[in-house]
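Just so you know, all these numbers are worked out from the coordinates, no wet-lab data involved. This one's a predicted model, so the numbers in the text were calculated from it and none came from an experiment. Here the Cβ positions follow ideal geometry from the backbone for every residue, glycine too, while neighbour counts run over all protein chains shown.
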Amino acid sequence: MSHLKKISVSDLIPGMYFCGFDGPWIDNPFWKKKFRMNTPADIRQAQSAGLKYCWIDTSKGKDVRDNAFSKEEHTTLSDMAPRLSEESSDLLEEMEEAQRLYENAKVITQTMFKQVRLGKAIDTAACLRLVDEITASVMRSSSVLISVARLKHADEYSYIHSVAVCALMVSLGRTLGMDETSCKEAGLAGYLHDVGKAFIPLDVLNKPGKLTDQEFRVIQRHPSLGYEYLRGDPKIPDYAANVCLHHHEKLDGSGYPDKQQGNVISVYARMAAICDVYDAITSDRPYKDGWDPAESIAQMASWEGHFDRPMFLAFVRTLGIYPVGSIVKLRSGRRGLVVKQNCQDLTKPVVKAFTISDTFEVLDSELVDLFCPAATDSVVERGGEDWLKLKGLSMNFIDHMKSA
Ligand SMILES: [Fe+2]
Ligand SMILES: [Fe+2]
């Protein structure tokens with residue numbers, strides 16, 4: 001007889017043997033999948049995940065009152081609406097938290113680049129604290145910080161790109177099954193991967209339009225320059241310096257600076273290659289507008305020989321086929337702003353479905369879980385070609401969702 005029992009997360013008490021959440025595993029804030037919950041802090045952490053139900057093993061730990069879950073065991077379709085609005089308010093809270101973290105990270109990263117430019121030592125403790133905070137945010141909700149960072153303004157790119165790659169590395173590390181230490185190492189390496197850009201003249205770095213061969217060669221020196229700099233700092237771990245040097249290598253050996261191939265490229269550097277390119281192409285720059293996230297995933301998938309294939313597939317599982325922040329076309333004719341993934345089916349995310357007027361005014365909107373059996377709508381295709389016009393709208397949507 002099974003001793004597994006599904007209970008409400010609010011009924012967790014110390015002494016119970018936790019066996020996982022009933023929901024997307026990616027939202028699990030714990031590194032261990034099964035363990036005895038010993039302290040109130042464990043309970044608080046479980047409740048901070050924003051998921052409603054979890055599983056316990058009553059043969060290995062305390063049980064809950066017999067009737068604790070019975071009234072909610074059979075969730076009806078009409079219960080889905082309140083569940084979604086609860087999830088939505090959790091999402092909004094996390095989004096506000098992510099925006100605070102984003103602002104803080106911008107200042108810390110600006111300072112870090114300034115220190116590097118002046119040849120001073122990096123404040124490693126401040127970097128590690130920031131990586132810890134970014135990791136915690138990714139643990140609570142894998143996509144929120146990433147989507148907030150994606151909305152960076154073109155002139156903030158240099159700073160927020162480091163934060164975004166850090167968050168993407170942590171998130172990808174989790175999908176790859178890495179433990180907490182490894183995920184944080186990947187995060188730190190992602191955060192520092194482009195420090196060498198501090199040594200590249202800004203007029204070359206931010207040049208609108210096509211670079212000359214000479215300018216391209218100057219830019220291509222940033223991995224080596226960054227590596228030399230990090231190697232000179234005994235507080236910076238070797239793996240971070242390695243990622244700095246090799247994040248532009250490609251699996252088929254056509255990258256730079258060392259034309260490394262396959263598994264010769266370190267695991268963290270292979271991860272960084274994916275996260276770096278994704279953030280670069282989805283970001284606005286002074287000279288180009290960012291691509292739609294879903295379009296970017298589709299394009300990257302078509303680049304033969306660039307990325308480690310299994311790792312790239314894990315990256316797609318991390319972000320979804322329609323990553324948070326994507327605009328999709330729905331069968332009903334409406335558009336949808338993707339606000340959450342459904343890990344059970346990446347083709348059926350939670351979207352804010354909306355209709356817009358010719359003047360891009362929002363006429364109506366509703367939160368729809370496309371995975372819900374009662375959902376009558378579905379994604380027809382990516383809405384990328386309208387992204388330029390709609391992007392301003394997606395920012396409005398964050399405000400709109402806050403006030404909803
Ligand atoms: Fe780079
Ligand atoms: Fe980069």
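Please list, ordered by chain and number, the residues whose modelled amide H lies under 5 Å from the amide H of residue 380; skip anything fewer than 5 residues away on the same chain.
Amide H to amide H, under 5 Å and 5 or more residues apart or across chains, residue 380 pairs with 329, 330, 331.
List the residues whose amide H sits under 5 Å from the amide H of residue 350, counting only those 5 or more places along or on another chain, with H placed 1.01 Å from N in the peptide plane.
Amide H neighbours of residue 350, under 5 Å, 5+ apart: 339, 340, 341, 342, 370.
Please tell me which of these pairs span more than 23 angstrom C-alpha to C-alpha: 207/329; 197/288; 114/210; 6/34? Please report the intermediate quantities before stating the final value.
Values: 207/329 35 Å; 197/288 19 Å; 114/210 27 Å; 6/34 14 Å.
Those over the limit are 207/329; 114/210.
So between residue 347 and residue 52, what do we pick up on full extension, going 0.36 nm a residue minus the alpha carbon distance? Walk me through the numbers on the way to the answer.
Working: separation 295, 0.36 × 295 = 106.20 nm, distance 2.28 nm.
Taking 0.36 nm per residue and subtracting the Cα distance, the gain is 103.9 nm.
Packing-wise, with mean Cβ within 10 Å as the measure, how do 128-136, 34-42 rank, highest first?
Details: 128-136: 19.6, 34-42: 13.7.
Going from most to least packed, we get 128-136, 34-42.
Ranking request for peptides 266-279, 182-195: highest mean number of other beta-carbon atoms within 10 Å first, then the rest in descending order. List each step's numbers first, then the result.
On the way: 266-279: 24.0, 182-195: 25.9.
Ranking, from highest mean packing down: 182-195, 266-279.
Using amide H atoms built in the peptide plane, which far-off residues or other-chain residues are under 5 Å from residue 34 H to H?
none
Give me the extension gain from residue 179 to residue 217: residue separation times 0.36 nm, minus the current Cα-Cα distance, reported in nm with one decimal. Let's see the in-between values first.
Details: separation 38, 0.36 × 38 = 13.68 nm, distance 3.76 nm.
Contour length minus Cα-Cα distance gives 9.9 nm.
Peptides 288-300, 106-118: what's the order by average Cβ count within 10 Å, highest mean first?
Numbers: 288-300: 19.8, 106-118: 15.7.
Packing order, densest peptide first, comes out as 288-300, 106-118.
Pulled fully out, how much extra length does the chain show between residue 64 and residue 302, if you take 0.36 nm times their separation in residues and subtract their Cα-Cα distance? Write down the numbers at each step before the final one.
Values: separation 238, 0.36 × 238 = 85.68 nm, distance 5.05 nm.
Stretched out fully, the residue 64 to residue 302 stretch lengthens by 80.6 nm.
Sticking with the crude label model, points 7 Å out along Cα→Cβ, report the distance from residue 128 to residue 309 in nm, one decimal please.
Calculated label separation equals 4.0 nm.
Once both labels are modelled 7 Å past Cα along the beta-carbon direction, what's the residue 39-residue 8 spacing in nm?
2.7 nm
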